[in-house]
Amino acid sequence: MTLTAKVLWAMGLGIIVGLIINMGGFNAEGSFVSEYVVGGLFYMVGKMFITALKMLVVPLVFFSLISGVLGIGDIRKLGSVGAKSFGLYMLTTAVAIATAIGLAILIAPGSGANGTSSATFTGKEAPPLSDVFINIIPDNVLSAFASGNMLQIIFFSILLGISLLMVGKKAQSIAEGVEVMNEAMMHMVNIVMSVAPIAVFALLAKAISELGLDLLVSLAGYVLVLVMALMLHLFGTLMFVLKLFSGLSPKIFLSKIRDAQIFAFSTASSNATIPVTLRSVTKRMGVDNSVASFTVPFGATINMDGTAIMQGVATVFIANVYGVELGLSGYLTVILMSVLASIGTAGVPGVGLIMLSMVFVQVGLPIEGIGLILGVDRLLDMIRTSVNVTGDAVVTCVVAKSEKVLDLEVFKDTNAGVKEVLDIDENAEKVLANVVHKMEKI
Ligand code: ASP
């Protein structure tokens, strides 16, 4: 069985176990299952796995970006990769939210309901746009790395890569070292991914067991429209963009992006999924690292199609519940705000709600309204994060194809990158041991 198949089974099993715990009422507060199984074992295993993925992100992005810049061949291409990916990320996000608003207006979930919410939610004001741009530059590189600020890490790594190019031939040994480190990080991704079946099981069993099923039913209108809009974007818009701009087969793409989607679904974090997305587009789809090392972490931060869709549907839903007329200008503000908010916020769990509060402040909807959808957000976060990473991968493929750095043979090969090699070559092991011993003698 391939790893993907094992993870899929684990996912199904996790959902079933989660449902049994939830519907059987085994998860009552203070019960054994709630304390030791869901809140103990499942929580621990899931959290360890997500932490391990997050551990990979910063060094992986750092080494792969430097290696990408060094490997691009012509540094002027960096500008076109940046411009194309930025343009496509913004475009797909804007289309996503417009689709969502359109669909939500058509179906009108929440109309006739009477807006009262018991849950509380404290909103956040959008930072000024100038801050978003200023914050791309780290004032302290170590703190950027320590806090995992993706845009700052991208900025510094690209600059370092360019500076190494300027150093020229003297930088050759560093380039070799970076390449080796990049390869080593990819192996580390494989090591962490090899325990995914157990972790995905734990993550899903925990998430589903804690799901408010009653809430899901009472908010069925909102949930259904949102899921419909997400699926429409995933299978319609994104696949259309892929086919139109790159000519690549959506069917092959969808089969190869599955790993990243499953990891995004289980972790609800585009950022934590970066290692898997990077692996999927390079090893499975044949995108060259010079493009992927930039577009994937960039997309995880600034591109959130699924989240934007949630903003659109939630705005219409809450406006209906509270009987607020937003009008065309209100909706246009929502589109603009969501696109801008997605640039400045990182792809971590639950960030969509914070973005939503920024949108609400802007269009004058009651922030308490967010309390209404809070209870079902965990599950929806998982679904929209899968759409977010799919968008990142689509744009990565389109840009790579247009830059002529997508290996079609690899893309078409169904087995490419399926097998994870975790073995250590015994001969190489001896050679490296010799190197170390020789060095020690000097
Ligand atoms: N969890 C999402 C992501 O990481 C963001 C969100 O919608 O909350 O992409």
task = Could you please tell me which pairs satisfy a Cβ distance under 9 Å, a separation of 6+ or placement on different chains, a first residue in the stretch 4-21 that is of a type outside the set (S, T, N, Q), and a second residue that is not in a helix (DSSP H, G or I)?
result = 9/1; 18/210; 18/211; 19/211; 20/26; 21/27; 21/210
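If we scan the stretch 322-333, do we find a residue that is surrounded by 24 or more Cβ atoms within 10 Å (Cβ to Cβ) and in a helix (DSSP H, G or I)?
Of the residues in the stretch 322-333, the ones surrounded by 24 or more Cβ atoms within 10 Å (Cβ to Cβ) are none.
There is no residue in the stretch 322-333 that is surrounded by 24 or more Cβ atoms within 10 Å (Cβ to Cβ) and in a helix (DSSP H, G or I).
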remark   = Counting only helices (runs of 4 or more DSSP H) entirely within the stretch 358-431, those with at least 2 residues that are under 23 Å from residue 273 (Cα atoms) and of a type in the set (Lys, Arg) are 377-402
Count of residues meeting criterion [over 23 Å from residue 263 (Cβ atoms) and surrounded by fewer than 24 Cβ atoms within 10 Å (Cβ to Cβ)] in the stretch 335-360 = 9
message = So the check is Cβ under 8 Å with 6+ separation or different chains; which pairs have a first residue in the stretch 340-358 that's more than 13 Å from residue 306 (Cβ to Cβ) and more than 7 Å from the ligand (Cβ to nearest atom) and a second one that's of a type in the set (A, V, I, L, M, F, W, C) and not in a helix (DSSP H, G or I)?
response = 340/126; 341/126; 344/126; 345/304; 357/121; 357/367; 358/126
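Pick out the one residue from 405, 398, 421, 410 that is among the β-branched types (Val, Ile, Thr), away from the ligand (no atom under 16 Å from the Cβ) and touching a Phe, Trp or Tyr at 6+ places or on another chain (Cβ under 7 Å).
Numbers: 405 fails: touching a Phe, Trp or Tyr at 6+ places or on another chain (Cβ under 7 Å); 421 fails: touching a Phe, Trp or Tyr at 6+ places or on another chain (Cβ under 7 Å); 410 fails: touching a Phe, Trp or Tyr at 6+ places or on another chain (Cβ under 7 Å).
Of the residues listed, the single one that is among the β-branched types (Val, Ile, Thr), away from the ligand (no atom under 16 Å from the Cβ) and touching a Phe, Trp or Tyr at 6+ places or on another chain (Cβ under 7 Å) is 398.
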message = Between 93, 120, which is in a helix (DSSP H, G or I), at pLDDT below 95, of a type in the set (Ser, Thr, Tyr) and out of contact with any strand residue (DSSP E or B) (no Cβ under 9 Å at 6 or more places or on another chain)?
response = 93
ask   = Taking into account only those residues within the stretch 18-67 that are of a type in the set (Ser, Thr, Tyr) and assigned to a helix (DSSP H, G or I), which is surrounded by the most Cβ atoms within 10 Å (Cβ to Cβ)?
value = 64
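Under 30 Å from residue 161 (Cα atoms), away from the ligand (no atom under 14 Å from the Cβ), in a helix (DSSP H, G or I) and in contact (Cβ under 8 Å) with a residue 60 or more places away in the chain: which single residue out of 300, 292 fits that description? Before the answer, list the steps.
Values: 300 fails: away from the ligand (no atom under 14 Å from the Cβ).
Result: 292 is the single residue among 300, 292 that is under 30 Å from residue 161 (Cα atoms), away from the ligand (no atom under 14 Å from the Cβ), in a helix (DSSP H, G or I) and in contact (Cβ under 8 Å) with a residue 60 or more places away in the chain.
The values are calculated or read from the model by the stated rules, or taken from the named source; none is laboratory data. Fair warning: this is a prediction, and the values are worked out from it, not measured in the lab. FYI the Cβ positions are ideal-geometry reconstructions off the backbone, even for glycines, and counts take in every protein chain you see.
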